[in-house]
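The values are calculated or read from the model by the stated rules, or taken from the named source; none is laboratory data. All values derive from a computational prediction rather than experimental measurement. A quick note on method: Cβ atoms are made from the backbone with ideal geometry, for glycine too, and the neighbour counts reach across all protein chains shown.
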Amino acid sequence: MPFPHAPSTSSPHSSDPLLDPTMLHNLSESSRTEILVQKLSLAVASNPDVDVRDASNIVDSFITRSVEDILALLSDPSLLVSEWDLEKRANMHLPFHQSSLGTPVNQDSSPAALPTDANGDAATGDPAPAPSGGGGISVPNYNTETEEYIEMLISKPESERKKKLGCKLFPLIKGMGYKDSTKLTVWILDHMGQDVRTLAYTLNDPAKLTQIIHEAQESITTARAA
């Protein structure tokens with residue numbers, strides 16, 4: 001059920017033309033989703049009361065709500081926090097916590113789990129140890145929903161697989177405040193697009209994502225200087 005939308009003349013988003021409800025409704029679904037994902041990512045990154053480790057999964061959940069509900073979240077930081085906590089509690093049953101580099105925790109420990117949305121294309125598979133990624137990036141041992149997301153990606157042609165990964169990766173990089181988000185996204189997809197498992201887990205781990213972004217920045221800077 002939609003929550004009430006209290007009018008606010010002081011909202012920091014009220015003067016943003018990209019968040020005009022009429023304009024958003026007139027956009028294509030893909031364009032509207034891209035704008036709202038970016039705005040939600042920025043709002044989450046700037047709100048100290050939000051645990052950004054859950055960003056990818058919870059933003060994916062928020063983006064399925066109505067435009068009016070999303071605008072209400074963007075205009076009210078306290079509402080964003082309360083709805084974020086509700087969404088996080090809904091995922092408390094997940095056994096893995098990715099707050100550190102690939103460290104699984106027990107079912108009864110901290111509930112801040114980090115599932116990855118399987119986009120409705122869930123595939124089953126037997127648990128198997130995940131290999132280490134390139135560039136010294138380790139991968140968490142196993143997460144059922146992330147593995148289902150990986151299976152879905154692997155079943156797609158390379159171009160579609162990169163597109164799906166890019167749609168998740170770009171708003172995360174932009175939301176973390178990095179410039180040249182497009183170039184960084186392209187570099188990561190070009191250099192890690194074949195390592196689907198590492199990249200899929202990295203989408204839910206800001207620490208590892210930051211490490212990879214720094215590698216991309218160094219490589220791009222070196223290429224420019226050459």
A careful count of residues in segment 78-94 that are crowded, with 16+ Cβ neighbours inside 10 Å and modelled with pLDDT of 80 or more gives 5
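Just to be sure, is D69 over 20 Å from L169 (Cα atoms), in contact (Cβ under 8 Å) with a residue 12 or more places away in the chain and assigned to a loop (DSSP other than H, G, I, E, B)?
Details: over 20 Å from L169 (Cα atoms): yes; in contact (Cβ under 8 Å) with a residue 12 or more places away in the chain: yes; assigned to a loop (DSSP other than H, G, I, E, B): no.
No.
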Which one is farthest from L165 (Cα to Cα) among residues in segment 22-64 that are surrounded by 15 or more Cβ atoms within 10 Å (Cβ to Cβ) and without any contact (Cβ under 8 Å) to a residue 24 or more places away in the chain?
-> L27
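Return the residue satisfying two criteria in turn: it lies in segment 193-218 and is of a type in the set (S, T, N, Q) and outside any helix (DSSP H, G or I), and of such residues it is surrounded by the fewest Cβ atoms within 10 Å (Cβ to Cβ). Steps first, answer last, please.
Of all residues in segment 193-218, those of a type in the set (S, T, N, Q) come to 194, 198, 202, 204, 210-211, 217.
Adding the requirement that they be outside any helix (DSSP H, G or I) leaves 194, 204.
On the way: Q194: 13, N204: 27.
Going through the qualifying residues, I end up with Q194.
Taking the conditions exactly as written (surrounded by 21 or more Cβ atoms within 10 Å (Cβ to Cβ), touching a helix residue (DSSP H, G or I) at 6+ places or on another chain (Cβ under 9 Å), of a type in the set (G, A, S) and assigned by TED's automatic domain parsing to the domain that holds Q194), does G175 satisfy them or not? Lay out the reasoning, then the answer.
Numbers: surrounded by 21 or more Cβ atoms within 10 Å (Cβ to Cβ): yes; touching a helix residue (DSSP H, G or I) at 6+ places or on another chain (Cβ under 9 Å): yes; of a type in the set (G, A, S): yes; assigned by TED's automatic domain parsing to the domain that holds Q194: yes.
Considered against the rule, which asks whether it is surrounded by 21 or more Cβ atoms within 10 Å (Cβ to Cβ), touching a helix residue (DSSP H, G or I) at 6+ places or on another chain (Cβ under 9 Å), of a type in the set (G, A, S) and assigned by TED's automatic domain parsing to the domain that holds Q194, G175 comes out as yes.
Determine which member of the set T221, T182 is within 23 Å of E34 (Cβ to Cβ), more than 15 Å from the chain's Cα centre (by Cα), surrounded by fewer than 13 Cβ atoms within 10 Å (Cβ to Cβ) and not hydrophobic (A, V, I, L, M, F, W, C). Can you show your working first?
On the way: T221 fails: within 23 Å of E34 (Cβ to Cβ).
Among T221, T182, only T182 is within 23 Å of E34 (Cβ to Cβ), more than 15 Å from the chain's Cα centre (by Cα), surrounded by fewer than 13 Cβ atoms within 10 Å (Cβ to Cβ) and not hydrophobic (A, V, I, L, M, F, W, C).
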